[in-house]
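Below is one structure, written out as structure tokens, with a few remarks after it.
The values are calculated or read from the model by the stated rules, or taken from the named source; none is laboratory data. Quantities reported herein were computed from a predicted structural model and do not represent experimental measurements. Ideal geometry is used to build each Cβ from the backbone, glycine not excepted, and the neighbour counts take in all protein chains shown.
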């Protein structure tokens with residue numbers, strides 16, 4: 001009788017890529033064990049995208065899509081040709097969960113509920129009768145020169161023909177993403193690039209930013225400076241928080257800001273009216289001043305600034321100027337207001353930590369992975385997926401698509 005603790009495939013990690021890998025191996029007729037250290041599968045998946053789950057990005061041109069993965073793009077043509085964006089749409093829609101495409105080609109389940117994405121994957125593995133063990137933290141990996149022999153959970157050794165590591169990175173550690181896989185793989189001789197929060201909010205110094213906590217501005221431009229010299233600009237949505245700045249524009253700039261912070265002090269200027277030049281903006285403000293000339297300046301700031309920004313202008317302009325009647329505001333003071341709206345000052349103190357990161361970078365260098373199969377080049381029966389791989393990507397569905405792709409490819413080739 002075959003050892004009950006021996007399987008065709010063992011998947012370690014029950015997140016997005018792990019569930020996809022396990023389901024695919026089951027679909028191909030393999031006996032699969034899925035090990036998850038949390039009490040439940042998919043804890044991070046259930047909260048992704050604020051609970052809405054940005055499931056992929058509807059960019060069907062593979063060249064444009066892979067350009068979003070930076071230096072990793074040349075490694076990804078093969079896996080994405082095996083399971084790409086259209087395959088993701090087909091996978092979920094054939095299982096009763098239609099997708100909808102919103103701004104910036106972001107695709108969501110039509111219910112906009114991450115739990116529904118989880119339920120599709122849960123049904124995928126249940127339908128094929130996977131053996132799932134939760135509350136099962138892997139404590140040790142036993143391996144020889146080129147082969148994983150078994151994984152140890154408590155007093156039990158689990159053996160398999162092939163193993164898939166899908167334990168995730170280090171972002172959102174409360175969901176169980178604590179970098180276990182990085183530690184194992186480093187001990188096994190893989191090169192692991194150190195992780196940093198990648199898609200993460202910025203911590204800033206200025207009180208005015210924090211006073212606007214909860215205010216969201218959809219079309220802003222932010223210029224970042226190092227030592228007073230402009231380094232790069234981004235346009236998009238900014239969310240002000242009690243600690244600083246967030247929102248898609250900020251999250252997708254964080255890795256660039258982090259590089260600048262290593263070289264010195266980073267400041268920024270927020271342009272509240274990126275489509276309006278200084279002269280035109282001043283003319284617009286003069287018209288407003290003429291209309292409200294007998295009112296106090298602080299009471300008409302809502303008329304000349306984006307929604308929710310007036311309290312910050314009062315703080316920046318100071319009490320004396322804010323209390324002036326509009327007709328008493330000098331030409332120099334008016335120009336100062338115009339410049340302020342085009343260059344709201346920010347000092348970046350750092351990036352928020354892994355606990356607030358949407359995605360962290362770092363992981364196994366791709367030169368040590370055969371990305372056609374997701375197999376380790378050091379261990380012939382080991383496959384590695386998702387956030388364990390050193391692939392930098394922006395927000396907007398690219399991270400989950402990477403999980404679906406690498407999970408499917410690993411599950412396929414681990415079953416051959």
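Among the numbered conditions (1) loosely packed, with under 13 Cβ neighbours inside 10 Å; (2) at positive phi; (3) touching a strand residue (DSSP E or B) at 6+ places or on another chain (Cβ under 7 Å), the only one that residue 228 does not meet is (3).
Taken across segment 400-415, residues that are part of a loop (DSSP other than H, G, I, E, B) and either surrounded by 18 or more Cβ atoms within 10 Å (Cβ to Cβ) or at pLDDT 95 or above (or both) do occur, with at least one present. Under 30 Å from residue 182 (Cα atoms) and surrounded by 16 or more Cβ atoms within 10 Å (Cβ to Cβ): is that true of residue 152 in this structure? No. Against the numbered list (1) in contact (Cβ under 8 Å) with a residue 60 or more places away in the chain; (2) more than 13 Å from residue 399 (Cα to Cα); (3) buried (at least 19 other Cβ atoms within 10 Å of the Cβ), residue 53 comes up short only at (2).
Filtering segment 1-24 down to residues that are touching a residue at least 60 places away in the same chain (Cβ under 8 Å) and surrounded by fewer than 24 Cβ atoms within 10 Å (Cβ to Cβ), which residue is farthest from the chain's Cα centre (by Cα)? So that I can check it myself, show each step before the final result.
Restricting attention to segment 1-24, the residues satisfying the condition of being touching a residue at least 60 places away in the same chain (Cβ under 8 Å) are 3, 5-24.
Filter once more, keeping what is surrounded by fewer than 24 Cβ atoms within 10 Å (Cβ to Cβ): 3, 5-8.
Values: 3: 41, 5: 36, 6: 36, 7: 34, 8: 33 Å.
The selected residue is 3.
Would you pick out the residues in segment 212-248 that are touching a helix residue (DSSP H, G or I) at 6+ places or on another chain (Cβ under 9 Å), under 12 Å from residue 202 (Cβ atoms) and not in a strand (DSSP E or B)? Answer for segment 212-248, where residues must be touching a helix residue (DSSP H, G or I) at 6+ places or on another chain (Cβ under 9 Å), under 12 Å from residue 202 (Cβ atoms) and not in a strand (DSSP E or B): 241, 243. Within the option set 105, 30, being surrounded by 14 or more Cβ atoms within 10 Å (Cβ to Cβ), in contact with a strand residue (DSSP E or B) (Cβ under 6 Å, 6 or more places away or on another chain), on the phi > 0 side of the Ramachandran plot and not assigned by TED's automatic domain parsing to the domain that holds residue 235 holds for one residue only, 105.
Just to check your reading of the model, which residue among 287, 298 is in contact with a helix residue (DSSP H, G or I) (Cβ under 8 Å, 6 or more places away or on another chain), more than 30 Å from residue 164 (Cα to Cα) and either in the same structural domain as residue 221 (by TED's automatic domain parsing) or in a helix (DSSP H, G or I) (or both)? Step through it out loud before you land on a result.
Working: 287 fails: in contact with a helix residue (DSSP H, G or I) (Cβ under 8 Å, 6 or more places away or on another chain).
Being in contact with a helix residue (DSSP H, G or I) (Cβ under 8 Å, 6 or more places away or on another chain), more than 30 Å from residue 164 (Cα to Cα) and either in the same structural domain as residue 221 (by TED's automatic domain parsing) or in a helix (DSSP H, G or I) (or both) holds for just one of 287, 298, which is 298.
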